[in-house]
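**Q** Below are the structure tokens for one structure; questions will follow.
The values are calculated or read from the model by the stated rules, or taken from the named source; none is laboratory data. Everything quoted here is computed from the prediction, not taken from an experiment. Cβ atoms come from the backbone with ideal geometry, glycine included; neighbour counts cover every protein chain shown. To get the accessible areas, we keep the full protein, side chains included, count just its heavy atoms, and leave off ligands, DNA and RNA. Shrake-Rupley method; radii C 1.70, N 1.55, O 1.52, S 1.80 Å.
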Amino acid sequence: MQWLFQKLFRFRESVGEQRGGRNAAEMPFLDHLEDFRKMILRIVITLLVTTLLCFAFKNQLMAVMRAPINQVWELTQNKKIAEIQKELAREFDAAQWTAARESARALEALSDEARAAYLAQLDETGRFLVATVVLARAVESLPPEKRQAFLDGIPELDSQTRQQVEAIVRTTLPVETGGREDLRMMGAFNPTEAFMLSLKLAFFAAIVLAFPLVLYFIMEFILPGLHLHERKALWPALAIGLGLFLTGALFAYFIVLPRVLEFFHGWGEDMGIANEWRIGYYITFATQFTLIFGLAFELPVVVMTFVKLGLLGYETMKNTRSYAVLIIFVVAAIITPTPDALTLLLLAGPMYFLYELCIWLTWNLQRKDLARAAEQKQAWAEREIRTPQIAAASHLGQPKASHESKEEDQAEEEGYGYGYDVDDEEEDDGQVDLSPPELEPDPKKEPPADDPTPPDPAPPKS
């Protein structure tokens with residue numbers, strides 16, 4: 001752990017030196033830890049507040065997370081109905097079949113008059129499906145060798161209803177409500193599991209909502225000494241990061257997660273295994289799955305940050321594309337919560353596309369930087385050409401620029417000590433002679449009297 005902190009702090013120091021901010025290289029190890037503690041404290045407080053806010057919408061969050069499993073249940077039932085569609089006397093879908101099963105269960109506790117009144121509220125297809133469900137339950141409760149005799153012993157049974165019942169009994173289409181095979185009836189085997197699931201869903205929603213602030217705190221720690229204009233420029237980048245995170249989470253929720261659940265549900269049924277999924281395991285799986293895809297879509301934020309810091313460039317990314325593809329697939333295989341190849345491809349494919357997008361963005365930034373550098377070089381060249389011309393014009397007696405006159409007037413007012421022109425300085429061996437000129441004697445003043453003191457005698461010659 002200490003080695004990891006040292007690596008992080010060294011990277012932070014190098015970034016601080018490159019940006020020319022505060023001298024992070026001279027910060028001791030404990031000061032880095034203090035900044036790290038502040039970052040963690042801010043993130044914890046932000047997540048705590050947003051978790052409490054999201055906890056008030058726990059029922060809505062549970063309905064949102066259960067929607068994919070309900071979708072998988074309807075898809076599997078529709079596939080089973082499609083398999084026997086040619087043998088059915090009347091067509092129906094999974095929603096109509098579920099409603100018929102619930103109606104048949106409600107009829108069990110009613111009297112004959114109440115049953116007749118209840119069935120009168122249904123349409124013709126509904127009454128037909130309810131009768132089919134009641135007979136199919138009775139047939140399934142009998143041994144296989146006695147089922148045909150039971151159907152033959154019902155004189156008022158019409159051919160359509162009999163054909164429908166026989167087709168349904170031959171399939172695995174459920175006729176009971178709330179059975180173990182019903183994925184929508186997932187249970188909790190712990191008294192506190194429902195409460196802990198509510199907290200887990202609230203915390204998951206808090207991560208999604210507070211993600212921009214969390215990312216801002218992390219970037220503020222990694223990039224020390226942010227100036228005010230840099231802080232303002234960081235918010236658009238955080239907005240892009242939030243958009244990428246939400247794109248990955250929504251892609252996993254609406255596209256990847258239902259297909260993964262359908263795959264594992266069908267795999268279990270093909271092997272004759274009842275899919276008795278627990279609500280706790282399902283919520284954990286779904287939230288981790290969504291968060292992993294959301295974080296994986298943050299790849300452009302990480303790569304472009306390295307590009308801005310000068311750690312990556314267009315040539316490096318282009319020449320190491322094959323290694324990047326290998327790393328992307330290895331990381332996708334590690335963080336994917338399922339071992340199937342389909343989920344791996346659904347995660348690694350968008351990550352590779354985002355990496356190619358980063359290469360194009362890096363090339364575009366480099367092209368703009370080169371164009372800007374060329375413009376600056378041209379401007380400097382034009383300035384170098386104009387400078388000798390301006391100097392020659394000033395020596396020929398042409399009027400000087402206003403700012404040059406102001407500078408000379410200011411120089412004369414400040415004196416430079418002796419009243420000579422600054423432009424008339426001559427260089428000798430690379431040095432400017434700043435010695436004052438010899439002052440001419442004033443003719444109005446009389447020369448001083450001779451000093452009566454005799455001069456010192458000259459030293460004797462050797």
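**Q** Output the qualifying pairs, or none if there are none: Cβ atoms under 8 angstrom, residues six or more apart or on different chains, first residue in the stretch 86-114 and farther than 15 Å from Thr132 by Cβ, second residue acidic (Asp, Glu).
**A** Ala95/Glu74
**Q** Of Met219, Met196, which residue is on the phi < 0 side of the Ramachandran plot, modelled with pLDDT under 85 and not charged (D, E, K, R)?
**A** Details: Met196 fails: modelled with pLDDT under 85.
Step by step, each of Met219, Met196 is checked, and only Met219 is on the phi < 0 side of the Ramachandran plot, modelled with pLDDT under 85 and not charged (D, E, K, R).
**Q** Based on what the data block shows, is Asp340 over 22 Å from the mean Cα position of the chain (by Cα), open to solvent by less than 90 Å² (accessible area, probe 1.4 Å) and within 25 Å of Leu250 (Cα to Cα)?
**A** For Asp340, the condition - over 22 Å from the mean Cα position of the chain (by Cα), open to solvent by less than 90 Å² (accessible area, probe 1.4 Å) and within 25 Å of Leu250 (Cα to Cα) - is met.
Matching residues to (1) open to solvent by less than 60 Å² (accessible area, probe 1.4 Å); (2) at pLDDT 50 or above:
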| position | (1), (2) |
| --- | --- |
| Ala379 | yes, yes |
| Arg383 | no, yes |
| Gly397 | no, yes |
| Ser402 | no, no |
| Ala411 | yes, no |
| Asp423 | no, no |
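**Q** Do we have any residue at all in the stretch 239-260 that's of a type in the set (S, T, N, Q) and more than 21 Å from the chain's Cα centre (by Cα)? Before you say what the answer is, go through the steps one by one.
**A** Here is the first cut: in the stretch 239-260, the ones of a type in the set (S, T, N, Q) are 247.
Now restrict to residues that are more than 21 Å from the chain's Cα centre (by Cα): none.
Among the residues of the stretch 239-260, not one is of a type in the set (S, T, N, Q) and more than 21 Å from the chain's Cα centre (by Cα), which makes the answer no.
**Q** Follow-up. Just wondering, is there one or more residues in the stretch 97-109 that are more than 16 Å from Ile168 (Cα to Cα), open to solvent by less than 40 Å² (accessible area, probe 1.4 Å), polar (S, T, N, Q) and not in a loop (DSSP other than H, G, I, E, B)?
**A** Scanning the stretch 97-109, I find at least one residue that is more than 16 Å from Ile168 (Cα to Cα), open to solvent by less than 40 Å² (accessible area, probe 1.4 Å), polar (S, T, N, Q) and not in a loop (DSSP other than H, G, I, E, B), so the answer is yes.
**Q** Still on this structure, please answer the following. Would you confirm, using the coordinates I've provided, whether Glu276 is open to solvent by 40 Å² or more (accessible area, probe 1.4 Å), charged (D, E, K, R) and not in a helix (DSSP H, G or I)? Steps first, answer last, please.
**A** Details: open to solvent by 40 Å² or more (accessible area, probe 1.4 Å): yes; charged (D, E, K, R): yes; not in a helix (DSSP H, G or I): yes.
It is true that Glu276 is open to solvent by 40 Å² or more (accessible area, probe 1.4 Å), charged (D, E, K, R) and not in a helix (DSSP H, G or I).
**Q** Further, regarding this structure: Confirm whether Leu326 is in contact (Cβ under 8 Å) with a residue 40 or more places away in the chain and assigned to a helix (DSSP H, G or I). Lay out the reasoning, then the answer.
**A** Details: in contact (Cβ under 8 Å) with a residue 40 or more places away in the chain: no; assigned to a helix (DSSP H, G or I): yes.
No: the conditions fail for Leu326.
**Q** Something else about it: Of the residues Trp73, Trp97, only one is at pLDDT below 85 and closer than 24 Å to Leu261 by Cα; which? Write out each step before concluding.
**A** Values: Trp97 fails: at pLDDT below 85.
That would be Trp73, the only listed residue that is at pLDDT below 85 and closer than 24 Å to Leu261 by Cα.
**Q** Quickly run through the stretch 297-323 and pick out the residues that are of a type outside the set (Lys, Arg), in a helix (DSSP H, G or I) and within 19 Å of the chain's Cα centre (by Cα).
**A** Of the residues in the stretch 297-323, the ones of a type outside the set (Lys, Arg) are 297-307, 309-317, 319-320, 322-323.
Cutting the leftovers down to in a helix (DSSP H, G or I) gives us 299-307, 314-317, 319, 322-323.
Passing the criteria: Leu299, Pro300, Val301, Val302, Val303, Met304, Thr305, Phe306, Val307.
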